[in-house]
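Here's the structure we're looking at; comments come further down.
The values are calculated or read from the model by the stated rules, or taken from the named source; none is laboratory data. Given the structure is predicted, the values throughout are model-derived calculations rather than measurements. All Cβ positions, even for glycine, are placed from backbone atoms using ideal geometry, and neighbour counts span all protein chains on display. The protein model used for the area step is the full one, side chains on, heavy atoms only, and it has no ligands, DNA or RNA in it. Shrake-Rupley method; radii C 1.70, N 1.55, O 1.52, S 1.80 Å.
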Amino acid sequence: MKILLTGHKGFIGQHLHKRLSTEHQIIGIDIKDNSNILSAQLPEVDMVIHLAGVGGVLQSIENPKHYWENNVVATSKILKHYANVRVLYASSSTAYEPWLNPYAASKSVTEHIPHTNKVAMRFHTVYGETNRQGMFFDRLLMGTLEHVTEHSRDFVHIDDVCDAIEILMNSDFKGTVDIGTGESIYVKHIAPNLPVHSGSILERTSTKANTEQMKKLGWSPKWTVQKFLDTHGFEVKL
C-alpha cells in the first residue's frame, strides 16, 4: 500500500516506519523535516497512520493553544482530507479524563471528529530500548532518574505497539481502542531506592488498558516490564 505516516521521525513513528517500509510505500510528514501538517500539501494514499502531534501534560498547561492547533486542528485536517480513506491515529489514555489538562482534552476532542473509517488508538505509556528524551524509561536507562511518584501506569513496549498497529491496519475495526497490556504497575516499584514524590494532580493517578478489543483481533503483548528490566540487568522484582 501507499501509506501516509505522519510523525515518522518520532518515537513510535521511527519504529513503525522501519517495519512497514519493507512491504509498503511510506510517505512521511514530520516537523523534524520542517514539514507541518497544518501547511503541508497532503498526498493521495491508500491509508493514513497519523502519529504526529505534541505530547506532555505539564507543557500543555503552559501553552494550550499550541496543543489545540497541533493535535485537534491538524487531526481534523487529516480526517476531512481523507474522508474516504482508512485513518489510524494516535489518541491517548489521558482521554479517559479530559478535564485534567489541555493535552488530555485535545486528545479527547479528536476522538469526536466525524469519520466513517477511523481508529483512535489510545496509547498507554509506551517504552522501549530508546525512548522519548526525558520520559521515565529514558531517565531510568540513562541513570538520571532522581525520584519516582505514587502513580501507577500501564507500560506497553514499542514492539507490542507496532504489532497492534499492524493488526489494526489489516482489520475492519472502527472506533476507539486501548493499546496497553491491561496491567498497571506502580512507578515507585520499578526504582524502589529512589525518593517518592506525590506527582502532579494534573495527571491521572492510575492507568490500565481495556485489552478486550485487541485480544478479539488476535493481539497480545509479548513484553512485560519485568522482562524488560531483567533484560537490562535491573535487580527488581515487581
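When residues in region 13-71 are screened for being open to solvent by 20 Å² or more (accessible area, probe 1.4 Å), within 24 Å of residue 162 (Cβ to Cβ), not hydrophobic (A, V, I, L, M, F, W, C) and not in a loop (DSSP other than H, G, I, E, B), 10 of them pass. Open to solvent by less than 50 Å² (accessible area, probe 1.4 Å), of a type in the set (Gly, Ala, Ser) and not in a helix (DSSP H, G or I), is that true of residue 200? For residue 200, the condition - open to solvent by less than 50 Å² (accessible area, probe 1.4 Å), of a type in the set (Gly, Ala, Ser) and not in a helix (DSSP H, G or I) - is met.
Counting the residues of region 1-12 that are closer than 20 Å to residue 123 by Cα and not in a loop (DSSP other than H, G, I, E, B) gives 5.
Taken as a whole, the condition of being out of contact with any Gly (no Cβ under 9 Å at 6 or more places or on another chain), open to solvent by 70 Å² or more (accessible area, probe 1.4 Å) and of a type in the set (Asp, Glu) does not apply to residue 150.
Only one of the numbered conditions (1) over 23 Å from residue 207 (Cβ atoms); (2) surrounded by fewer than 17 Cβ atoms within 10 Å (Cβ to Cβ); (3) small (Gly, Ala, Ser) is violated by residue 74, and that is (2).
Only residues that are surrounded by fewer than 15 Cβ atoms within 10 Å (Cβ to Cβ) and either among the small types (Gly, Ala, Ser) or closer than 16 Å to residue 228 by Cα (or both) were counted in region 134-147, giving 3.
Listed by position, the helices (runs of 4 or more DSSP H) inside region 100-172 whose residues that are among the β-branched types (Val, Ile, Thr), touching a residue at least 40 places away in the same chain (Cβ under 8 Å) and closer than 27 Å to residue 217 by Cβ number at least 3 are 158-169.
Selection of first residues in region 17-40 that are under 22 Å from residue 54 (Cα atoms) and of second residues that are open to solvent by 40 Å² or more (accessible area, probe 1.4 Å) and in a helix (DSSP H, G or I), restricted to Cβ pairs under 8 Å at least 6 apart or on distinct chains, gives the following pairs, ordered by first then second residue: 26/17; 28/17; 37/77; 38/69; 38/73; 38/77. Name the residue, out of 188, 222, 208, that is assigned to a helix (DSSP H, G or I) and either open to solvent by 10 Å² or more (accessible area, probe 1.4 Å) or under 20 Å from residue 107 (Cβ atoms) (or both). After applying the criteria, what remains is 188.
Considering region 82-133, and only residues there that are under 19 Å from residue 62 (Cβ atoms) and at pLDDT below 95, the residue that is surrounded by the most Cβ atoms within 10 Å (Cβ to Cβ) turns out to be 132.
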